[in-house]
Amino acid sequence: MSSEQIKLDRTALENAIKLIANARCAVAMTGAGFSVASGIPDFRSPGGIWSKHDPEKVASIRALKSDPVTVWKFLLELVRMTQKCEPNPAHFALSELEASGNIKGVITQNIDGLHQRAGSVNVIEFHGNCSHFFCSECFAVYEAKDVFKFDAKKLPIKCAECSGIVRPDLVFYGEQIPPQAYQDAFDLADQADLVLVAGTSGEVVPASLIPPRIKSNGGKIIEINKVPSAYHAMSDVFIEGTVEDVLPVIVQNIIK
């Protein structure tokens, strides 16, 4: 699909292509908007998951301990949704940019694992992943296919080894970002001279600190969003559009 067909700002598009092609160390930072075209609604937008559920009641560490049945009903809905979804053209575009050496990695706030399924290798998951599970007591590891073998009528799902509550390897409200993910993300940011911000509002700390950090180190910011985000005032290039429309066009013009 050409830029004319999707009515992109040609000047912004050309500037973005030039910046990515000439970057020494470009990274991508993605959020919930990146996976909307895959069938996963944006958590924070109208009609999104948090408009239907109170995150404090279904996705907090406090709720997991006090009301694990309610949390697990929500988790089953979430995991089944992500498991049946497939990567969209934006995911594949980023994996192509990484394979060609035009970006060095992806820092994502998403928990769906779609970047990896599209072929991206260096993916830093700031908020974990809902495809892997472990026991909160003995730390026995479970995969999604193992979790679905449990009787959904007997919630919460409990560990076969110690009867502790099984939970996904993601960050609940009230928990800290995994130290290794935090360190890896900011180490990559400190090497970067360009960040491609795509499908994120820029409102969730500490992930929101990454683009300003790259900017303060002399780097550039390219933003691809349907509406301007919290980074708009500092962005060097803003492309209005969906990531699944914009990124394939960028790839077509860089990788020939």
Report summary line: Measuring from the longest principal axis of the C-alpha atoms of the chain, the long axis of helix 243-254 (C-alpha) lies at a number of degrees, nearest 10, equal to 50 degrees
Query raised in the report: Could you give the alpha-carbon Rg of the chain over 2.2 N^0.38 Å, rounded to two decimals?
Result: 1.05
Report summary line: With the 1.4 Å probe rolled over protein heavy atoms, the chain has an accessible area per residue in Å² of 48 Å²
Report summary line: At the level of C-alpha centres, the distance separating segment 74-127 and segment 218-239, in angstrom, is 21 Å
**Report entry** When each of K84/K153; K52/K220; K65/K104; K84/K158; K18/K84 is checked by Cα-Cα distance, pairs over 29 Å
**Finding:** K52/K220; K65/K104; K18/K84
Query raised in the report: Which of the cysteines in the chain are isolated, no other cysteine C-beta under 4.7 Å?
Result: C25, C85, C130
Report task. Grab the Cα-Cα distance for Y173 and V121, subtract it from 0.36 nm times how many residues apart they are, and report the gain in nm with one decimal. Result -> 16.0 nm
Query raised in the report: Counting Lys and Arg as +1 and Asp and Glu as -1, each charge on the Cβ, what is the dipole of the chain about the Cα centre in debye, to the nearest 20?
Result: 400 debye
Report summary line: Expressed in Å to one decimal, the Kirkwood Rh of segment 126-256 from all distinct alpha-carbon pairs is 17.6 Å
**Report entry** segment 178-241: relative contact order as a whole-number percent, Cα under 8 Å and 6+ apart
**Finding:** 31 percent
Query - Mean Cβ count within 10 Å, highest first, over the residues of peptides 57-69, 191-203 - result: 191-203, 57-69
Report summary line: With 0.36 nm assigned to each residue of separation and the Cα-Cα distance removed, R62 to E161 gains 33.3 nm
Query raised in the report: About the Cα centre of segment 55-185, what is the dipole size in debye to 20, counting +1 per Lys and Arg Cβ and -1 per Asp and Glu Cβ, all else neutral?
Result: 480 debye
Query - Sum of side-chain charges, Y173 neighbourhood, beta-carbon under 11 Å (Lys, Arg +1; Asp, Glu -1) - result: -1
Query raised in the report: Carbon and sulfur atoms: what percent of the 1.4 Å accessible area of segment 105-145 do they account for?
Result: 58 percent
Requested in this report: Could you grab the relative contact order for the chain? Cα pairs under 8 Å, six or more apart, rounded to a whole percent.
Outcome: 25 percent
Report summary line: If every Lys and Arg gets +1 and every Asp and Glu gets -1 at its Cβ, then about the Cα centre segment 146-256 yields a dipole, in debye to the nearest 20, of 300 debye
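The values are calculated or read from the model by the stated rules, or taken from the named source; none is laboratory data. Remember, predicted model here, so these are calculated numbers, not experimental data. Cβ atoms come from the backbone with ideal geometry, glycine included; neighbour counts cover every protein chain shown. Surface areas here come from the heavy atoms of the whole protein model, side chains and all, with no ligands, DNA or RNA. Shrake-Rupley method; radii C 1.70, N 1.55, O 1.52, S 1.80 Å.
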